[in-house]
Structure formats: C-alpha cells, structure tokens
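Here's the structure, in structure tokens; my notes come after.
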Amino acid sequence: MTNREQYTPGPASGAQVRKDGEKWTLILVRELRHSPEKVWQALTDPAHLREWAPFDTDGSLGTVGTVKLTWVGTPTPIQTTVTRADAPKVLEYNDTRWELEAFGGGTRLTLWHNIDRRFISWGAAGWHIAFDVLDRLLAGQPIGRIVGAETMKFDGWQRLNAEYAKQFGVETPNWPPKAAQNS
C-alpha cells in the first residue's frame, strides 16, 4: 500500500468565507511544520507547484512580473501578474493572496482566494487536500498532487465538500454539474 492509498483527509477546519459586495473570498489557514522559506519555495517554484498545486506556471511566482498560470483541467493559460512577492512573507497574484508567518517552529500559511459563491465548498475541499499534499511533499513523503476533476473522485473529497458547505451555510453544488449531466 502506498502513502497515497493510506491518505485520508482530516475533518473540515481552518476555513472561512467573507463577502464584500458581490465578491466572495475563501480564507484557509493551515499550520505546517516547515519553515517559511521552505513553504515559500513550494508556493513560488514551478517544479514544486507541479507536485501539489491545482495549477502550473511557466515561471516563478517569487518575483513581481507576469507569468502564465494554467489551472489543471483547463486548456487556456491565464496571463497572471504577480503584484507582490515579499519573500518569505506575502505573495499576491490575480485574485489570490498568501501570507506566511513563522509559528511554533513551522509556518502558519493563510490563503485568500476570490471564488464564485456557488463553488466555495468545492474550493475549500480542494485546497484542503492540496495543503495536505503540500505538507507531505515538504516532509519528504510525497503522495502526488490530487487536483482538478481527480480531486472530486478522491476518497474524502465528497465528505469535505459537505462539511465545508455546512460550515459556510451554502448548498453543496451538484456533481457532475448539470451541464455535464445533460451532455
């Protein structure tokens, strides 16, 4: 049995949503047992991102400038502007902000991600699993990234999706989406 087969995500925790007008922001906090410098590298280096993140980039996110970001499962890259790269503390690009804070010998990682209200529980469940994969990668026990449509088929995702929906007081989105059901 591989580490991936043994992996089961823990309960939904460390997430909240904020509404500002029509804009919804998913906020996730995770305490990692790795240094801010090590976490920063995983957040900014394209080779590290390919191991855990739900997207790929054609360049480093660690410097202010433009890169192409491609979400797994989508064919078209998005022109992405890194507007702040204050290593190893704050990273901002497009609708995403990461904060890294030294905490208890590790890092408190906070993600702010603007998201369509209909998919807040999906996003929280997906990022929850991505953070678990990141933590294992940094510990030298990689299980391979679990992203995109694959995430939704993964044991534990449906449970997390339902738990986060309940926490946020939103309906659990249908899977597959109605458009896919009718095709």
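The values are calculated or read from the model by the stated rules, or taken from the named source; none is laboratory data. Values in this document were obtained by computation on a predicted structure and should not be read as measured data. No Cβ is skipped: glycine too gets one built from the backbone with ideal geometry, and neighbour counts run over all protein chains shown.
General observations
- Filter pass, Val147 being touching a helix residue (DSSP H, G or I) at 6+ places or on another chain (Cβ under 9 Å) and modelled with pLDDT of 95 or more: no
- Verdict on Glu37 being assigned to a helix (DSSP H, G or I) and farther than 28 Å from Ala149 by Cα: yes
- Residues in segment 82-133 that are of a type in the set (Gly, Ala, Ser), modelled with pLDDT of 95 or more and either loosely packed, with under 15 Cβ neighbours inside 10 Å or at positive phi (or both): Ala102 only.
- Qualifying residues in segment 157-173 (those that are out of contact with any Gly (no Cβ under 9 Å at 6 or more places or on another chain) and buried (at least 18 other Cβ atoms within 10 Å of the Cβ)) - the one nearest to Trp24 (Cα to Cα): Phe168
- Scanning segment 136-150 for residues that are part of a helix (DSSP H, G or I) and buried (at least 21 other Cβ atoms within 10 Å of the Cβ) yields one hit, Leu138.
- Candidates Arg50, Arg18, Arg30, filtered to the one that is outside any loop (DSSP other than H, G, I, E, B) and touching an Asp or Glu at 6+ places or on another chain (Cβ under 7 Å): Arg50
- Tally, over segment 20-38, of residues that are in contact (Cβ under 8 Å) with a residue 12 or more places away in the chain and either in contact with a helix residue (DSSP H, G or I) (Cβ under 7 Å, 6 or more places away or on another chain) or surrounded by fewer than 16 Cβ atoms within 10 Å (Cβ to Cβ) (or both): 13
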